[in-house]
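Below: one structure, written as structure tokens.
The values are calculated or read from the model by the stated rules, or taken from the named source; none is laboratory data. All figures in this text were calculated on a predicted structure; none of them were measured in a lab. Heads up, the Cβs are rebuilt from the backbone with ideal geometry, glycines too, and the neighbour counts pull from every protein chain shown.
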Amino acid sequence: MALLRLIYRSRGGWGSLENVLRAELWRMVQRRQTGVVLLLSIDFLSIGLIQYGVHPMFTPQHSGIVGYLMAVGSSPVALWLGVLPLVASLVGGDSLAWDRRSGFLRYERSRVTASQLIAGKIIACALSVFCVVGAALLVTFVGSLVWLSPQMLPWHFTSAHVPTFTVPQAAPDTVLPYPTFLHGFFFAHPYLYLLLVSLMVYLSAIFWGQLALLCSVWTTNLVLVLGAPWLVYVVAPFFSLGYVTLSAVSWVSLC
């Protein structure tokens with residue numbers, strides 16, 4: 001807390017959104033749980049990648065492009081999306097709860113305006129989640145290309161001009177419905193497709209982090225703050241609207 005006060009006092013005092021952001025990001029870097037969450041994220045992402053590497057799907061060949069999608073959520077054993085709400089909450093969603101529990105929030109409020117504090121918390125939470133999740137996805141992406149192959153799996157157009165993987169011993173016009181989301185775009189621009197999927201994961205993670213931050217407004221119970229986003233994640237698929245807008249599984253399982 002002493003170092004946080006020094007950061008806020010620098011460069012003209014506390015009345016600056018920039019100082020709020022600097023302090024929150026410094027907190028993210030210094031917290032031990034940030035490194036633990038990053039390592040656990042990479043571990044969970046590697047589950048789907050390793051499963052694909054050991055048991056290739058569609059064709060006997062391996063592709064780092066498909067391996068990355070398997071790691072993110074396409075693999076039946078991928079657990080990454082199930083822990084994503086908890087990851088986002090641990091990275092930055094619980095900062096407000098900690099400030100309220102320690103009494104540091106009152107000190108902040110005496111130095112910055114409410115709008116600066118709210119904006120700083122929201123932006124810093126989004127940036128923290130983006131950095132940690134982005135680092136985990138980047139490591140997984142590079143690892144998949146190095147371990148497997150940067151090349152696309154063999155594919156062809158059917159007589160109906162539909163792109164599909166070339167599956168041995170399958171009829172040429174057999175269409176393998178993978179991925180179901182933007183199927184043609186995947187074959188035309190595979191790396192742009194991976195970027196799009198990664199962006200969807202980022203947006204999902206940022207949403208869970210902001211939800212945890214919102215829960216901190218009403219309670220300082222860290223169990224509730226960290227568990228509420230995951231509970232919403234579990235319950236959302238039972239509601240059609242929630243399944244589309246909230247559940248990260250509905251996004252990436254399309255891939």
Practice prompt. Would you mind telling me which numbered condition in (1) more than 18 Å from N19 (Cα to Cα); (2) modelled with pLDDT of 75 or more; (3) surrounded by fewer than 24 Cβ atoms within 10 Å (Cβ to Cβ) A88 fails?
Written response: (3)
Discussion item. For segment 62-81, give me each residue that is out of contact with any helix residue (DSSP H, G or I) (no Cβ under 6 Å at 6 or more places or on another chain) and modelled with pLDDT under 80.
Written reply: S74, P76
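Residue-by-condition table, conditions (1) within 24 Å of the chain's Cα centre (by Cα); (2) farther than 30 Å from E24 by Cβ:
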| position | (1), (2) |
| --- | --- |
| V129 | yes, no |
| G134 | yes, no |
| V142 | yes, no |
| V146 | yes, yes |
| Q151 | no, yes |
| W155 | no, yes |
| T164 | no, yes |
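Conditions tested, residue by residue: (1) in contact with a Pro (Cβ under 7 Å, 6 or more places away or on another chain); (2) free of Cβ contacts under 8 Å to residues at least 60 places away in the same chain; (3) farther than 18 Å from L79 by Cα.
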| position | (1), (2), (3) |
| --- | --- |
| P177 | no, yes, yes |
| G209 | no, no, yes |
| L214 | no, yes, yes |
| W218 | no, yes, yes |
| L224 | no, yes, yes |
| W230 | yes, no, no |
Worksheet, complete the sentence: Picking from S144, S128, S149, the residue that is surrounded by fewer than 18 Cβ atoms within 10 Å (Cβ to Cβ) and either at pLDDT 85 or above or more than 21 Å from P229 (Cα to Cα) (or both) would be S149
Item to complete: Those residues that are in contact (Cβ under 8 Å) with a residue 60 or more places away in the chain and either surrounded by fewer than 18 Cβ atoms within 10 Å (Cβ to Cβ) or of a type in the set (K, R) (or both), I need them from segment 191-207; list them, please.
Response: Y191, Y202
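Residue by residue, here is whether (1) of a type outside the set (G, A, S); (2) part of a loop (DSSP other than H, G, I, E, B); (3) at pLDDT 85 or above holds:
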residue: S204; (1), (2), (3): no, no, yes
residue: W208; (1), (2), (3): yes, no, yes
residue: L213; (1), (2), (3): yes, no, yes
residue: T220; (1), (2), (3): yes, yes, no
residue: L224; (1), (2), (3): yes, no, no
residue: W230; (1), (2), (3): yes, no, no
residue: Y243; (1), (2), (3): yes, no, no
residue: V249; (1), (2), (3): yes, no, no
Worksheet item: Quick one: is G53 more than 14 Å from the chain's Cα centre (by Cα), in a helix (DSSP H, G or I) and surrounded by 21 or more Cβ atoms within 10 Å (Cβ to Cβ)?
Response: no
Discussion item. For segment 100-114, check the following and say yes or no: at least one residue is of a type in the set (K, R), farther than 18 Å from V232 by Cα and not in a helix (DSSP H, G or I).
Written reply: yes
Worksheet item: Within the bounds of segment 174-191, is there any residue that is part of a loop (DSSP other than H, G, I, E, B) and modelled with pLDDT of 85 or more?
Response: yes
Worksheet item: If you take the residues of segment 152-173 that are within 19 Å of P60 (Cβ to Cβ) and among the aliphatic types (A, V, I, L, M), which of them is modelled with the highest pLDDT?
Response: M152
